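Novice: Handing you this structure, nothing more for now.
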């Protein structure tokens with residue numbers, strides 16, 4: 001990065017001579033270095049999966065979750081700086097509450113992600129630092145089907161069919177592209193997501209890792225839920241067997 | 001008298017109202033009875049409207065007084081439920097009763113009270129996933145924020161008419177009352193409101209919260225009563 | 001430690017996506033004297049090592065009650081810690097005002113995390129140079145919550161922060177499976193044994209330098225201090241000390257090691 005040391009990269013309020021805002025790019029780095037997170041929209045639902053590092057056995061089960069409910073139907077998954085992500089979750093949640101108060105109905109997923117994106121964007125203008133977190137938002141209902149959004153540290157907010165962020169995102173995207181995701185229901189997606197996360201791990205570096213997942217779809221009646229631990233464990237077992245099988249064929 | 005310029009006059013009357021709520025504890029839960037009419041003054045303006053709101057599996061809130069105020073409160077309660085879910089808890093009747101007490105009291109202190117009497121009924125879980133320690137709960141909050149906890153209650157005009165009758169029945173068996181016995185007492189009590197309260201209706205429902213079954217909303221029922229005594233009333237035509 | 005141009009403020013990301021100011025604040029916490037927290041199914045215990053600035057000075061209090069069901073111990077800049085303890089007390093009392101009930105520990109942890117996070121993002125602020133262990137008991141059971149200046153707030157089975165706390169964590173990791181079914185007395189002994197491991201060979205726990213906080217089922221939070229600590233220390237004394245020579249074994253001190261409390265001629269640390 002030739003920008004380092006030029007002095008154009010010390011504040012979000014400074015453009016570099018070639019029109020870049022380095023502080024936003026550096027904040028993005030916090031996400032790029034985090035555990036891989038993938039999200040996939042399938043036939044009748046959306047699944048998110050994240051690889052978490054558990055550094056000590058002194059943690060309680062599922063301490064520091066990455067998957068949250070914003071309301072009954074909208075789910076959020078965060079990757080990057082955890083306290084920043086927790087703060088964004090709190091903001092999203094507050095917006096959903098305001099919406100429920102004003103309109104007396106739950107806030108739709110596109111409104112949630114849009115509102116979070118606007119908020120994140122303000123932090124790219126200077127004074128404070130940008131958020132070091134990206135956040136997926138997902139939902140499913142009969143009228144719209146599955147929807148999946150990603151808000152990035154720059155304040156960008158795009159809708160996706162599927163996407164990957166974090167450490168091994170490139171490998172994950174390549175794996176996702178091999179799937180016919182439009183034909184998979186959320187049960188299949190959970191298995192495939194586990195397979196992808198496990199297959200792209202760096203066996204030497206990614207130790208003491210644990211997969212956390214969230215799903216929403218027809219089978220959950222449009223309610224976003226953290227996938228139960230036994231379901232994740234079964235998916236991992238399936239994934240490991242499948243990966244061993246693939247190795248044999250090679 | 002014309003209002004002075006810096007005076008502010010609040011609404012002095014509710015508009016669309018519900019009448020009495022009668023509630024009673026039994027051995028493992030609470031039964032709550034309300035009629036299903038909305039009055040506009042003394043006119044029976046709408047029929048088939050429930051005054052019982054299921055908060056979650058442990059709590060049922062019923063009300064007397066203004067329907068619009070309560071519809072607003074439903075939204076407040078809905079948001080409270082979400083707030084508690086955020087740290088993986090279902091709000092219990094004790095906490096909701098406490099919260100609504102604070103809310104109604106704050107409103108009356110601002111000289112802008114909510115026109116409701118609330119009955120928060122439910123079972124309070126003392127420990128998570130241990131039904132053995134769950135206890136029935138009935139909490140009342142008046143329009144002025146006066147709050148208390150009881151084992152049985154009648155609100156509205158029922159407070160003047162029924163509390164003694166309900167208490168007499170409750171005292172016969174106390175905490176050992178079965179659900180069927182408690183419901184029988186409520187029905188008898190409703191019959192009394194029907195005779196004396198001109199805005200009470202004979203279409204009603206009995207909801208319940210049971211430690212084992214959770215909240216079970218009641219079906220619509222009708223009571224006729226015995227009107228033969230009316231013949232001896234000298235004003236009766 | 002090397003200075004670089006990206007470490008002057010919390011509002012600057014380094015090119016690697018790190019926040020140096022926040023990382024430095026974590027160092028401040030590591031210099032405070034150690035504190036240990038562990039929980040069983042029904043109880044949570046925090047113990048802390050108190051320091052005295054000099055021989056004429058009393059030992060500085062490190063454990064605070066925040067409500068009847070919760071208490072907190074502090075490692076790092078004590079004045080920052082007191083602000084946070086006061087914050088937690090206020091959260092507890094406003095929850096009681098709203099609901100007439102004690103605050104759920106998860107809600108308390110969330111409020112804490114949001115407060116800490118703000119000080120890692122806004123210009124003109126600095127992170128709190130302190131870590132906390134919050135012990136509490138609510139409907140969900142017993143809790144030990146660990147916080148640090150980077151706004152990581154996490155629920156633990158047992159943990160330790162502060163100077164040489166790695167030694168205590170090593171002890172805890174070795175015994176973690178025993179905690180769940182421990183009695184309150186056993187928990188206190190485990191916690192004190194872990195705390196003792198943070199001390200250099202020439203020092204020991206004493207009634208003057210040790211505080212204990214305990215809370216649990218049918219037991220409001222209470223602080224055990226001074227002569228009342230002695231009976232627990234007597235229990236601990238029956239376990240022989242396993243002293244490893246500096247630099248050997250599984251006890252690398254986290255961060256810079258602070259001078260011995262009250263040690264003659266030692267420079268006085270700000271941290272407690």
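The values are calculated or read from the model by the stated rules, or taken from the named source; none is laboratory data. Small disclaimer: the values here were computed from a predicted structure and weren't measured. A quick note on method: Cβ atoms are made from the backbone with ideal geometry, for glycine too, and the neighbour counts reach across all protein chains shown.
Novice: (1) buried (at least 19 other Cβ atoms within 10 Å of the Cβ); (2) out of contact with any helix residue (DSSP H, G or I) (no Cβ under 7 Å at 6 or more places or on another chain); (3) closer than 13 Å to residue B:147 by Cα: which one isn't true of residue B:120, the others all being true?
Specialist: (2)
Novice: Considering only region A:148-162, I want to know if a residue exists there that is over 16 Å from the mean Cα position of the chain (by Cα) and within 30 Å of residue A:196 (Cβ to Cβ). Show your work before the answer.
Specialist: Our first condition is that a residue be over 16 Å from the mean Cα position of the chain (by Cα); within region A:148-162, this holds for none.
No.
Novice: Among residues belonging to region B:215-237 that are assigned to a loop (DSSP other than H, G, I, E, B) and modelled with pLDDT under 80, point out the one that is nearest to residue B:136 (Cα to Cα).
Specialist: The initial filter retains those residues of region B:215-237 that are assigned to a loop (DSSP other than H, G, I, E, B), namely B:217-219, B:223-227, B:233-237.
In the following step, the residues that additionally are modelled with pLDDT under 80 were identified as B:233-237.
On the way: B:233: 42, B:234: 46, B:235: 45, B:236: 44, B:237: 47 Å.
Top of the filtered list is B:233.
Novice: Can you tell me which residue among B:44, B:23 is outside any loop (DSSP other than H, G, I, E, B) and either at positive phi or surrounded by fewer than 19 Cβ atoms within 10 Å (Cβ to Cβ) (or both)? First the steps, then the outcome.
Specialist: On the way: B:23 fails: either at positive phi or surrounded by fewer than 19 Cβ atoms within 10 Å (Cβ to Cβ) (or both).
The match here is B:44.
Novice: Now a separate question. Conditions first: (1) more than 24 Å from residue A:91 (Cα to Cα); (2) at pLDDT 95 or above. Residue C:162 passes all but one, so which condition is the exception?
Specialist: (2)
Novice: Do we find that residue A:146 is touching a strand residue (DSSP E or B) at 6+ places or on another chain (Cβ under 7 Å) and either away from chain C (no Cβ under 14 Å) or in a loop (DSSP other than H, G, I, E, B) (or both) in this structure?
Specialist: Values: touching a strand residue (DSSP E or B) at 6+ places or on another chain (Cβ under 7 Å): yes; either away from chain C (no Cβ under 14 Å) or in a loop (DSSP other than H, G, I, E, B) (or both): yes.
The answer is yes for residue A:146.
Novice: So which of C:145, C:74 ends up being facing another protein chain (nearest Cβ under 10 Å) and closer than 20 Å to residue C:28 by Cβ?
Specialist: Only one candidate qualifies: C:145.
Novice: Step by step: first the residues of region C:148-193, then only those that are under 16 Å from the mean Cα position of the chain (by Cα), under 21 Å from residue C:211 (Cα atoms) and without any contact (Cβ under 8 Å) to a residue 60 or more places away in the chain, then the one that is farthest from the other protein chains (Cβ to nearest Cβ). Which residue is that?
Specialist: C:193
Novice: Moving to a separate point now. What's the total number of residues in region A:106-141 that are out of contact with any helix residue (DSSP H, G or I) (no Cβ under 8 Å at 6 or more places or on another chain), surrounded by fewer than 24 Cβ atoms within 10 Å (Cβ to Cβ) and over 27 Å from residue A:15 (Cβ atoms)?
Specialist: Total meeting the criteria: 3.
Novice: Out of all the residues in region A:174-208, which are within 23 Å of residue C:17 (Cα to Cα) and surrounded by fewer than 16 Cβ atoms within 10 Å (Cβ to Cβ)?
Specialist: Once the filter is applied, which keeps residues that are within 23 Å of residue C:17 (Cα to Cα) and surrounded by fewer than 16 Cβ atoms within 10 Å (Cβ to Cβ), region A:174-208 yields A:202, A:204, A:205, A:207, A:208.
Novice: Can you tell me which residue within region B:1-20, out of those that are part of a loop (DSSP other than H, G, I, E, B) and in contact with a strand residue (DSSP E or B) (Cβ under 8 Å, 6 or more places away or on another chain), is nearest to residue B:176 (Cα to Cα)?
Specialist: As a first pass, look at region B:1-20 and keep what is part of a loop (DSSP other than H, G, I, E, B): B:1-15, B:19-20.
If we keep only those that are in contact with a strand residue (DSSP E or B) (Cβ under 8 Å, 6 or more places away or on another chain) as well, we get B:14-15, B:19-20.
On the way: B:14: 39, B:15: 40, B:19: 29, B:20: 25 Å.
By that ranking, first place goes to B:20.
Novice: A follow-up question, please. May I ask you to verify whether residue A:35 is more than 13 Å from chain C (Cβ to nearest Cβ), at pLDDT below 95, closer than 27 Å to residue A:180 by Cα and part of a loop (DSSP other than H, G, I, E, B)?
Specialist: Values: more than 13 Å from chain C (Cβ to nearest Cβ): yes; at pLDDT below 95: yes; closer than 27 Å to residue A:180 by Cα: yes; part of a loop (DSSP other than H, G, I, E, B): yes.
Yes.
Novice: Would you check which residues across region C:103-134 are without any contact (Cβ under 8 Å) to a residue 60 or more places away in the chain and touching a strand residue (DSSP E or B) at 6+ places or on another chain (Cβ under 6 Å) and list them? Before the answer, list the steps.
Specialist: Residues of region C:103-134 that are without any contact (Cβ under 8 Å) to a residue 60 or more places away in the chain, as a first pass: C:103-118, C:124.
Within region C:103-134, C:104, C:105, C:109, C:112, C:113 meet the criteria.
Novice: What is the number of the single condition among (1) crowded, with 16+ Cβ neighbours inside 10 Å; (2) under 23 Å from residue C:17 (Cβ atoms); (3) within 13 Å of chain C (Cβ to nearest Cβ); (4) out of contact with any helix residue (DSSP H, G or I) (no Cβ under 8 Å at 6 or more places or on another chain) that residue A:53 does not meet?
Specialist: (1)
Novice: Assess whether residue B:79 counts as being at pLDDT 95 or above, touching a helix residue (DSSP H, G or I) at 6+ places or on another chain (Cβ under 9 Å) and either surrounded by fewer than 22 Cβ atoms within 10 Å (Cβ to Cβ) or more than 9 Å from every other protein chain (Cβ to nearest Cβ) (or both). Walk me through how you get there before you give the answer.
Specialist: Working: at pLDDT 95 or above: yes; touching a helix residue (DSSP H, G or I) at 6+ places or on another chain (Cβ under 9 Å): yes; either surrounded by fewer than 22 Cβ atoms within 10 Å (Cβ to Cβ) or more than 9 Å from every other protein chain (Cβ to nearest Cβ) (or both): yes.
In short, yes.
Novice: Which one of these is surrounded by fewer than 16 Cβ atoms within 10 Å (Cβ to Cβ), within 14 Å of chain B (Cβ to nearest Cβ) and out of contact with any helix residue (DSSP H, G or I) (no Cβ under 6 Å at 6 or more places or on another chain): C:79, C:93, C:58?
Specialist: On the way: C:79 fails: within 14 Å of chain B (Cβ to nearest Cβ); C:58 fails: within 14 Å of chain B (Cβ to nearest Cβ).
Testing whether each residue is surrounded by fewer than 16 Cβ atoms within 10 Å (Cβ to Cβ), within 14 Å of chain B (Cβ to nearest Cβ) and out of contact with any helix residue (DSSP H, G or I) (no Cβ under 6 Å at 6 or more places or on another chain) leaves just C:93.
Novice: Residue C:4 is checked against (1) within 30 Å of residue A:127 (Cα to Cα); (2) surrounded by 22 or more Cβ atoms within 10 Å (Cβ to Cβ) and fails just one. What number does that condition carry?
Specialist: If we test residue C:4 against (1) within 30 Å of residue A:127 (Cα to Cα); (2) surrounded by 22 or more Cβ atoms within 10 Å (Cβ to Cβ), just (2) comes out false.
Novice: Something else now. Could you grab me the full set of residues in region B:102-152 that are part of a helix (DSSP H, G or I), within 11 Å of chain C (Cβ to nearest Cβ) and within 20 Å of residue B:54 (Cβ to Cβ)?
Specialist: Passing the criteria: only B:103.
Novice: Right, next: Just to check your reading of the model, which residue among A:30, A:92, A:49, A:96 is farther than 24 Å from residue B:74 by Cα and part of a helix (DSSP H, G or I)? Break it down stepwise before answering.
Specialist: Working: A:92 fails: farther than 24 Å from residue B:74 by Cα; A:49 fails: part of a helix (DSSP H, G or I); A:96 fails: farther than 24 Å from residue B:74 by Cα.
One residue alone meets the criteria, A:30.
Novice: Looking at B:89, B:74, can you tell me which residue is surrounded by fewer than 22 Cβ atoms within 10 Å (Cβ to Cβ), outside any strand (DSSP E or B) and touching a helix residue (DSSP H, G or I) at 6+ places or on another chain (Cβ under 9 Å)?
Specialist: B:89
Novice: Would you check if there is a residue in region A:76-98 being on the phi < 0 side of the Ramachandran plot, touching a strand residue (DSSP E or B) at 6+ places or on another chain (Cβ under 6 Å), away from chain C (no Cβ under 14 Å) and at pLDDT 95 or above?
Specialist: Yes, there is a match, as at least one residue in region A:76-98 is on the phi < 0 side of the Ramachandran plot, touching a strand residue (DSSP E or B) at 6+ places or on another chain (Cβ under 6 Å), away from chain C (no Cβ under 14 Å) and at pLDDT 95 or above.
Novice: Tell me, which residue of region A:1-35 that is surrounded by fewer than 23 Cβ atoms within 10 Å (Cβ to Cβ) and under 14 Å from the mean Cα position of the chain (by Cα) is farthest from residue A:170 (Cα to Cα)?
Specialist: Only one residue tops the list, namely A:28.
Novice: Does residue C:88 fit the bill of being assigned to a helix (DSSP H, G or I), away from chain A (no Cβ under 11 Å) and within 17 Å of the chain's Cα centre (by Cα)?
Specialist: Details: assigned to a helix (DSSP H, G or I): yes; away from chain A (no Cβ under 11 Å): yes; within 17 Å of the chain's Cα centre (by Cα): yes.
Criteria met by residue C:88.
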